[in-house]
1. Given a 1.4 angstrom probe, what's the average accessible area per residue across the stretch 69-187, in square angstrom?
2. Over the stretch 224-308, with the other protein chains present, what is the accessible area per residue in square angstrom, probe 1.4 angstrom?
3. Roll a 1.4 Å probe over the protein chains and send me the accessible area per residue for the stretch 408-526 in Å².
4. Using only the Cα atoms of the stretch 66-131, build the gyration tensor, take square roots of its eigenvalues as a ≥ b ≥ c, and label the shape rounded, prolate or oblate: rounded if a/c is under 1.5, else prolate if a/b is larger than b/c, else oblate.
5. Please list 114, 307 in order of solvent-accessible area, largest first, computed with a 1.4 Å probe with all protein chains present.
6. Calculate how steeply helix 88-107 sits against the longest principal axis of the alpha-carbon atoms of the chain, using the helix alpha-carbon long axis, and give the answer as 0 to 90 degrees to the nearest 10.
7. Can you give the calculated 222 nm mean residue ellipticity of the chain, where each DSSP H run of n ≥ 4 adds -39,500 (n - 2.57) and the sum is split over every residue, rounded to the nearest 500 deg cm²/dmol?
8. From the Cα gyration tensor of the stretch 118-157, with a ≥ b ≥ c the square roots of its eigenvalues, which class applies: rounded if a/c is under 1.5, or else prolate if a/b is larger than b/c, or else oblate?
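The values are calculated or read from the model by the stated rules, or taken from the named source; none is laboratory data. Every value quoted in this text rests on a predicted model; they were computed, and no experiment measured them. Note that we place each Cβ from the backbone using ideal geometry, even for glycine, and neighbour counts take in every protein chain shown. We work out accessible area using only protein heavy atoms, side chains counted, and drop any ligands, DNA or RNA first. Shrake-Rupley method; radii C 1.70, N 1.55, O 1.52, S 1.80 Å.
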Amino acid sequence: CLAEAGGGMHQSYHRRPVVTADDTYATALVQLGSGANLYGYYMYHGGTNPVCDTGPLNETQASGYPNDVPQWSYDFHAPLGQYGQVRPAWGRLRLLHQFCAAFGEQLAPLPAVLPKQGPFDPADRLLPRVALRAAGVDAATTTGFLFVNHHVRHHALPPLAGLQLQLQPEQGAALPLPLGQPVTLQPGMAFIWPVGLRLGAARLRHATLQPFTRWTDASGAEHLVLVQLPGVPAELDFDKAGLHEISHAGLQRHDQGDTVLLLAPPTEDAQAIDLVDSQHRRHRIVLLPLGMAERCQHLHWQGRDRLLVASHPLVVETGSGPTLLRTAHEAAELAVYPSDGLDTPGFTTRDTQVAQGMAWAVRQWPAAADAQAGPWAVHAQCTQAAGNPAALRWGPHVAWREGPVPLVPDEAAHQQAGWWDLLLPDTFACNPEAGESAWLTIQLNGDVARFWVDGQCVDDRFCDGTPWTLGLHRWLSAGRQPRLAVSVLPLDVELPVFLEAGARVPGAAVHTVTLTLERREPVEPC
């Protein structure tokens, strides 16, 4: 069981880490590979603290907690932000979520096995970080998943050439992975390889592709979807005994004793491998490039299982079909596989050239060119220049820390904040009642920033060098234009707090403010 896995990281005044999609993805993958089954995030979706009659609900050193955190913001840099904004970690983590949904029943009882040679020291950057969750007594019965991670936050790992692992079952010879060309681990790589996956009577001994999802259709044919990993030669190794025939158009086939090895060239399109097992049942393996897989969702929709690849975030709400969250001024596309039986207007059929018989149904939304589609540049009018940084104050010494950490500036210090009125353009309009969202993105630097609507503070953040995105639709209604402002306390460049590289900029400034409109595009007509 793993509770409170880091979907993001909350920030305190004295420590402001920015967790990237690579950080979050590698952490989740490592935890799965280390034996975690019951997986829970904290936070996966950020939020906003309410302010009650008794005052703010945030954690503070003044109230006996070890940290000062923002009063309103509980954004957490989570995959879904506090206003529902979709971040890159959302699509990346979905690779693992769909893996768990499709293969979790197989994965859960498998024990985790670590290499005998380590690494045992976190500072060791020369040995590959791998783990195996598998069961079986020999090469013919071993089944499971190999987890590989070559990403360590803030510690760039060197390329490791010639990776070829040896899986040693309880009995018999070792199984080398991969069989063909060794892999060079590049910094940032993190992936899963399957071992001993079955499709009917056929057995995939191993593949250097990541399991994504699987399903069985009404005819009994199994569909296995694998992800092609950039920089990793794609090979699929089958037991010959379970195969009657296998298509290999566009692939290289090598028969090696009792195995059939297929090598797939890298491509930007999906590919299909059709096979007939020894019991004469047909199955299909779909290979998706990573870029497609990160935008892909497996749904049972309109009577069958399908893959939906969207240019923009795709959501499915209870009682309705898929809905595309499209930035209004951008073109959008949704591709659906398989296309047969799709009874929705607006789709056309497109056959990919590489994939044999893979018909995708495609629907496109053209970019809007009208003035009410955005994006807009918002004028930030400085109404008060920032004064001096707040005087450094130290909090109480917590026993498990080496020493005290700075206290968050008090309310009196905010008199020194710089103020900017945000003037919305005349052509901007947003109708939240119709499902539209307005995203305000502020590029700024400073120490503590606050966002004001009609003279009331509604959100805040400790500046960390990243853009600040707010869901302006929260305060909009049809025809209403609220008064908006930002206040920013200046940063003392010597302030003893942790900031990511490039975030330690002295003073306070609002550089640019942009506004975009997001529309909900139902895939099916209402």
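1. Numbers: 5530 Å² over 119 residues.
Per-residue value: 46 Å².
2. Details: 3540 Å² over 85 residues.
Roughly 42 Å² per residue, with all protein chains present.
3. 42 Å²
4. Values: a/c = 2.70, a/b = 1.47, b/c = 1.83.
It is oblate, given that a/c is not under 1.5 and a/b is not larger than b/c.
5. On the way: 114 115, 307 0 Å².
Reading off the accessible areas and sorting them downward yields 114, 307.
6. 40 degrees
7. Numbers: 3 runs with 37 residues, N = 526.
Counting only the DSSP helices, I get -2000 deg cm²/dmol.
8. On the way: a/c = 4.17, a/b = 2.78, b/c = 1.50.
It is prolate, given that a/c is not under 1.5 and a/b is the larger ratio.
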